[in-house]
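Data block below; observations after.
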Amino acid sequence: TAAFDVAKVREDFPILHQSLNGKPLVYFDNAATTQKPRTVIDAISHYYQNYNANIHRGIHTLAEKATAEYERTRQTVRAFIGAAHAEEIIFTRGTTEGINLVAATYGRQNLKAGDEVIVSHMEHHSNIVPWQMLCEEKGATLRVIPITDSGELVLEEYAKLLSEKTKIVSVVFASNSLGTINPIADIIRQAHAVGAKVMIDGAQATSHLDVDVQAIDCDFYAFSSHKLYGPTGIGVLYGKKELLEAMPPYQGGGEMISDVSFARTTYNDLPYKFEAGTPNIADTIALRAAIEYINQWGKPVIAQYEDSLLQHATTRLQNIDGVRLIGTAKHKVSVNSFVVDGIHPFDLGVMLDAKGIAVRTGQHCTQPLMERLCIEGTSRASFALYNTIEEIDYFADCLEAIVRKYR
Ligand code: PMP
């Protein structure tokens, strides 16, 4: 890995070098989506300019090249998350589709009336609604792991929720609204002890934390490329091979079949059984460039740098009278959510935007979490490897001035 140099990193991201409202752009909305390095952008246009072709069925040279590049990403992803087999890597549109896929296939096949699914109180809507829909269909019950006021799971309560009725536990690795990093290895071990399968929502965690699906022993793991410097419209579902093999297909169509007749259709092998239709070839290929970009620095180096940003921002925000941090867990990814008494998050977002600062405001697709914390929403500054201490100081200075003026 190369020596980490944020000035050099920033050169790799063309979008950062612009002004917004007359101010240099400060992009602090990385938990929503990250910016893309030039290598990712170039991988997309290089594909379209040089070897655009449909994959897997062509025997001509371009189709073979496109297929090889598409499958190379699968190998890269396999290594990136520590999966045992490339066919355990299913390409999806993103985290949302990965969770829906598991709910609609594994869930439909294995849940019956009276069974239970466990999620936590800090889940993104995409890790609530698919299970709710499944439970409704099956007459099963959705159970919720409570959280503390500081935004950590109450593990003693989790232990009490587990029983032989529990079929699926689905929890977020790192919360998009609070930053909390959950002890997923422990959660998985306890679920397995009662025979439940575990799905991990890795949307926020995968760009910051080391992920080793075999070490943590999760059954399913989903993440989105666009949150780790890759393009939108592509994501990954990891599943243990024996589970994926036993599951029915998700969508029917081309590519997912082995033999089709009107009397009977047989399905393709993994992973193609779950990849019906022409996939998002260009963005899959560019996802490899994004992972290679992360690997070039190494996740421990990135995590350490982002942690220094988080610590600095936390200290600065704690020292602004009237600002209250939401989510003060011991272990956090680089997300700072906060409220300012007397200023609506939306107004705050608009005022910061006028200073060139992009933050997210609102419920962050975690409405039950906001209700639990008795707040309407938060403003959220989330950091990535190209952000700087200087940006955080500028942001904190602007916030302090706004709070002083309007509160
Ligand atoms: N889970 C979490 C924790 C997230 O932060 C997000 C994206 N905000 C999702 C799931 C959904 O990801 P996507 O919209 O890329 O499918």
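Table for the structure above
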item: Solvent-accessible surface ranking, highest first, for 365, 218 at 1.4 angstrom; result: 365, 218
item: Estimated FRET transfer efficiency (residue 45, residue 160; beta-carbon r; R0 60 Å; 0.05); result: 0.65
item: Sulfur and carbon atoms: percent of accessible area, the range 184-268 [1.4 Å]; result: 48
item: Most positive-pole-ward Cα, 28, 389, 364, against dipole of the chain from beta carbon charges; result: 364
item: Estimated FRET transfer efficiency when R0 is 45 angstrom, pair residue 263-residue 133 (beta carbons, to 0.05); result: 0.90
item: Label-to-label distance, nm, for residues given as residue 62 and residue 109 (7 Å Cα→Cβ offset); result: 3.7
item: Relative contact order (%) - the range 295-348, alpha-carbon pairs under 8 angstrom, separation at least six; result: 30
item: Exposure rank, largest accessible area first [105, 265, 314; 1.4 Å]; result: 265, 314, 105
item: Theoretical ellipticity at 222 nm over the chain - DSSP helices of four or more residues, -39500 (n - 2.57) apiece, nearest 500; result: -11500 deg cm²/dmol
item: For residue 405, solvent-accessible area (1.4 Å; no DNA, RNA or ligand), Å²; result: 150
item: Residue-normalised accessible area of the range 287-370, given per residue in Å² at a 1.4 Å probe; result: 41
item: Per residue accessible area of the range 76-164, 1.4 Å probe, in Å²; result: 39
item: Positive-pole candidate from 214, 180, 280, dipole of the chain, charges at beta carbon; result: 280
item: Rounded percent of accessible protein surface that carbon and sulfur make up, the range 1-103, 1.4 Å probe; result: 52
item: Partners for residue 227 among aspartates and glutamates (Cα-Cα distance below 12 Å; same-chain residues under 8 apart left out); result: 29
item: Ranked order, 382, 163 - accessible area, probe 1.4 Å, largest first; result: 163, 382
item: Charged-residue dipole, Cβ positions (Lys, Arg, Asp, Glu), the range 203-341 about Cα centre, Debye nearest 20; result: 300
item: Qualifying trypsin sites (Lys or Arg not before Pro) in the range 268-335, DSSP loop, other Cβ atoms within 10 Å at most 12; result: 330
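The values are calculated or read from the model by the stated rules, or taken from the named source; none is laboratory data. Here the structure is a predicted model, which is why all the values come from computation and not from measurement. We place every Cβ from the backbone using ideal geometry, glycine too, and count neighbours over all the protein chains shown. Calculation scope for accessible area: heavy atoms of the full protein, side chains included, ligands and nucleic acids excluded. Shrake-Rupley method; radii C 1.70, N 1.55, O 1.52, S 1.80 Å.
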